[in-house]
Amino acid sequence: MASILDSVNQRTQLVGQNRLELLLFRLNGRQRFGINVFKVREVLQCPPLT
């Protein structure tokens, strides 16, 4: 657990230094999407979709 927190701390120290770290993913197809994780402010659990 400590190593995970150390990794998070290292990444948060890079904020504001014009760095880029992408989370890449696909949604039902070949097209790729990306999110710059340094721009993410909050992550919420998605409720079940109906």
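Restricted to region 27-44, and to residues there that are of a type in the set (D, E, K, R) and modelled with pLDDT under 95, the residue that is surrounded by the most Cβ atoms within 10 Å (Cβ to Cβ) is Lys39. For the chain, filtering for residues that are charged (D, E, K, R), under 14 Å from the mean Cα position of the chain (by Cα) and assigned to a strand (DSSP E or B) leaves 0. Inside region 1-18, residues that are of a type in the set (D, E, K, R) and at pLDDT 75 or above make up a count of 1.
Look at region 27-50: where a residue is within 14 Å of Thr12 (Cα to Cα) and a partner is among the aliphatic types (A, V, I, L, M), sitting 6+ places away or on another chain with Cβ atoms under 8 Å, you get Asn36/Leu20; Asn36/Leu22; Val37/Leu22; Val37/Leu23; Phe38/Leu14; Phe38/Val15; Phe38/Leu20.
The values are calculated or read from the model by the stated rules, or taken from the named source; none is laboratory data. Keep in mind that what you see is a predicted model, and the values were worked out from it rather than measured. All Cβ positions, glycine included, derive from the backbone under ideal geometry; neighbour counts span all protein chains shown.
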